[in-house]
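Handing you this structure, nothing more for now.
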Amino acid sequence: MAQLRIDTVACKGHGLCFFGWSQLFDLREDGIAVALVDQIPPDIRQDVEDAAAACPERAILVVEEP
Ligand code: SF4
């Protein structure tokens with residue numbers, strides 16, 4: 001199963017992920033995104049991919065497990 005990761009160096013804290021998909025992301029006090037899920041079940045895969053596409057910094061990563 002694929003995993004949801006945040007590139008905390010690339011993330012600039014715009015918050016688009018949190019405001020659009022609050023079931024998947026939270027924001028740290030410094031504004032950097034935190035993933036609320038680790039493994040990505042198939043039923044939320046599209047939401048994750050939509051959020052990743054919406055991130056202007058490409059900081060939302062879908063890591064495929066081997
Ligand atoms: S949309 Fe991207 S850059 Fe903005 S807070 Fe979320 S992960 Fe970070």
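What is the one condition in (1) within 9 Å of the ligand (Cβ to nearest atom); (2) exposed (fewer than 12 other Cβ atoms within 10 Å of the Cβ) that Gly13 does not satisfy?
(2)
Does any residue in region 52-66 that is over 11 Å from Thr8 (Cα atoms) and among the hydrophobic types (A, V, I, L, M, F, W, C) come within less than 9 Å, Cβ to Cβ, of a residue that is in a strand (DSSP E or B) and near the ligand (Cβ under 7 Å from one of its atoms) six or more places away or on a different chain, and which pairs are these?
As it stands, the answer is Ala52/Ile60; Ala53/Ile60; Ala54/Ile60; Cys55/Ala33, since those pairs meet every condition given.
Of all residues in region 1-31, how many are closer than 25 Å to Pro66 by Cβ and among the acidic types (Asp, Glu)?
To start, the set of residues in region 1-31 that are closer than 25 Å to Pro66 by Cβ comprises 1-10, 24.
Still in the running and among the acidic types (Asp, Glu): 7.
Going through region 1-31 one residue at a time, the tally reaches 1.
What number of residues in region 33-47 are within 9 Å of the ligand (Cβ to nearest atom) and either in a helix (DSSP H, G or I) or more than 8 Å from the chain's Cα centre (by Cα) (or both)?
Matching residues across region 33-47 total 0.
Here are Asp30, Asp50, Asp7: which of them is exposed (fewer than 11 other Cβ atoms within 10 Å of the Cβ), at negative phi and within 14 Å of the ligand (Cβ to nearest atom)?
Asp30
All of the numbers you see were taken from the coordinates with simple rules; none came from a lab. Bear in mind that the values here come from a model prediction, so they are computed numbers and not experimental data. Note: ideal-geometry Cβ built from the backbone for every residue, glycine included; neighbour counts use all protein chains shown.
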